[in-house]
1. Along Cα→Cβ, 7 Å out, is where each label goes; now give me the distance between the ones at residue 127 and residue 341 in nm to one decimal.
2. Can you tell me the orientation of helix 31-48 relative to the chain, as the angle in degrees between its alpha-carbon axis and the longest Cα principal axis, to the nearest 10?
3. Report, in debye and to the nearest 20, how large the dipole of the chain comes out about its Cα centre when Lys and Arg carry +1 and Asp and Glu carry -1 on their Cβ.
4. Just name one of 70, 85, 435: the one whose Cα is farthest towards the positive end of the charge dipole of the chain (beta-carbon charges, Lys/Arg +1, Asp/Glu -1).
5. How much accessible area does residue 367 have with a 1.4 Å probe, in Å² rounded to the nearest 10?
6. Counting only protein heavy atoms and using a 1.4 Å probe, what share of the accessible area of region 215-312 belongs to carbon plus sulfur, as a whole percent?
7. Please calculate how many Å² of accessible area region 420-554 carries per residue, with a 1.4 Å probe and no DNA, RNA or ligand atoms counted.
8. As a check on your grasp of the helix formula, calculate [θ] at 222 nm for the chain: sum -39500 (n - 2.57) over DSSP H runs of n ≥ 4, divide by the residue count, round to the nearest 500.
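The values are calculated or read from the model by the stated rules, or taken from the named source; none is laboratory data. None of these values were measured; they are calculated from a predicted model. Cβ: placed from backbone, ideal geometry, glycine included. Neighbour counts: every protein chain shown. Protein only, heavy atoms only, side chains kept; ligands, DNA and RNA dropped before computing areas. Shrake-Rupley method; radii C 1.70, N 1.55, O 1.52, S 1.80 Å.
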Amino acid sequence: MASKRKMKRLISLIENWNYNYYFLDQSIVEDSIYDKHLRELKDLEIKHNLILPDSPTQKAGHSASNKFRPIVRQKPMLSLDSVDNYEDLLKFDERVKKILKKEEEIEYICEWKIDGLSIGLVYQNHQLIQVSTRGNGNIGEDVTFNKELIKNIPFFLSTIANCEIRGEIYMKKSEFFRLNKELEKNDSKLLANPRNAASGSLRTLVPLQNRKLHFFAYQLFNSSLDSQSTCLRELEKLGFAVSPDYQLCKGIEKTKEFIQKHEPKRLNLDFESDGIVVKVNNYDFYPLLGQTSRFPRWAIAYKFLALSTTSQIEKIYVEVSRNGRITYVAEIKPVTLQGSIISKVTLHNYSFIRNLKLNIGDKVLIKKAGDVIPQIIQLIKLTENIWLPPNACPSCNSTLKWNPTNIYQICDNNYCSQRTINLLAHFASKSGLDIKGLSQKNIEKLYQNNLIKKPIDFYQLEQKREELLKLEGFQKKSIDNILSSIKNSKKKPLTNLLIALGIPLLSSVKAKKLSIFYPNLASIRTIIENNEWEKIRELLGEETQKEMKNYFQNPENFQLLKELEKIWGN
Ligand code: IVH
């Protein structure tokens, strides 16, 4: 029958995803798609009252790999059923009430659902003697030899001699970024996401000392506990970290309010969370509620709206930035993510492309970084080859060079028009001198009509009113506004001017520091004329000093400084 064929197809798809997730530490499909397929399979099984052999609905995870010593569990490590809307959350509450034969509100406890990997910690005679991953739920993998990587678990419990504690291992987002920066420096393969990084770090036979993992505890097997809230308090007393912000909610409406309040906060956490786990608080109810072969009926995971989605690369092009660095951008099949349409993603640098072996035609998993710029977080390779970088600058056609570590290309033509336009746009931008009415497009027009070729030309625009009026889209009123904004820009703090120059590595914090010690352009000029670079090194660090020196050693930049000095603050 057709449904049987469909079920078989779903099983093989899910098995393949499981294999990648549990054995290869890579999630090749986003969670929401995985859940959708698993739900579809489950619905078919119920509809036809048929469970095929090897159905993943009957296992908590994939079977454990044989890389590690197997640990047979007394109590299987279950997974959680999930919902992704409030309607289904209400159904969960109704089911709980029905089983418990209760009409009054149920007390739930809400915790962050940490996107990591679940582990069990066994303490015997007060000592931590075993750390194991979930494996297939019944048989876990022994990773005790990597316990030192987990920075916030006690190896000794003073008040309890024997117990098992379960929870989630994760890598802090800050640690993940630090690690990837380090890997990028060494031109090593980057880690796809904190979950994969945590799993890869823990499930390795050669301990990786430079990786830090953390743990949130959520279960303590100890018969004296009567509720999840006492369990969490007990865990805290024992020295474990538990999900921050956990809260008791009387009834499903309060639970919903908790979720609504917390969902936007997840981006500010230092760990990845993909939902809220809602648990019945009272342990007396647990035996009554029972469990299926995969899930307990006393808890549910409310999954947040996906932060990532898949698409396909249609084109790759390069752009040249104001300091000559080439950036690589992929055009993708437009997709909607968190309400906005995404058609472009940054590829950072060529090392990123090289490491992923990326090409046009490949499928990618994309995510909004910090909720703004979309980025590729995983690749599903569909093509054979890798995309090769261009030899010439897309704007001025000059031959591109490689930076010393071969990570990105550089256009070293100081007169490259795109570079100059970007530099002028940066000069006028909000973080620079905040000149109103000068969009990138307008600046391009001014540049192409020879009205502005270098930053100092902004201050001569007053004399070119007639020519400005001839430009398409420039009316008297808008010109007046632009010119008055240019005039006002001379009164901006020195910090803004320093940022506007676009000296590499001179961040806003460093520019501010510099302007405290060197409060005007004349004092900055003395650094150059008196060769006071040593002082700058002490103030801003060696790398920034080098960049600043390099910048002002270019006679044109030094000339710009002197010309600005004449008009600045007038
Ligand atoms: S309680 C019977 N609490 O999410 C299992 N699980 O997708 C009880 N998870 O298998 C688990 N954060 O690995 C619980 N605060 C939390 C959690 C949590 C993450 C994991 C856990 C679970 C999976 C379900």
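1. It is 6.4 nm.
2. The angle comes out near 30 degrees.
3. In total the dipole reaches around 740 debye.
4. 435
5. It works out to around 50 Å².
6. Within region 215-312, the accessible surface is 50 percent carbon and sulfur.
7. For region 420-554, the per-residue accessible area is 53 Å².
8. It lands at -11000 deg cm²/dmol.
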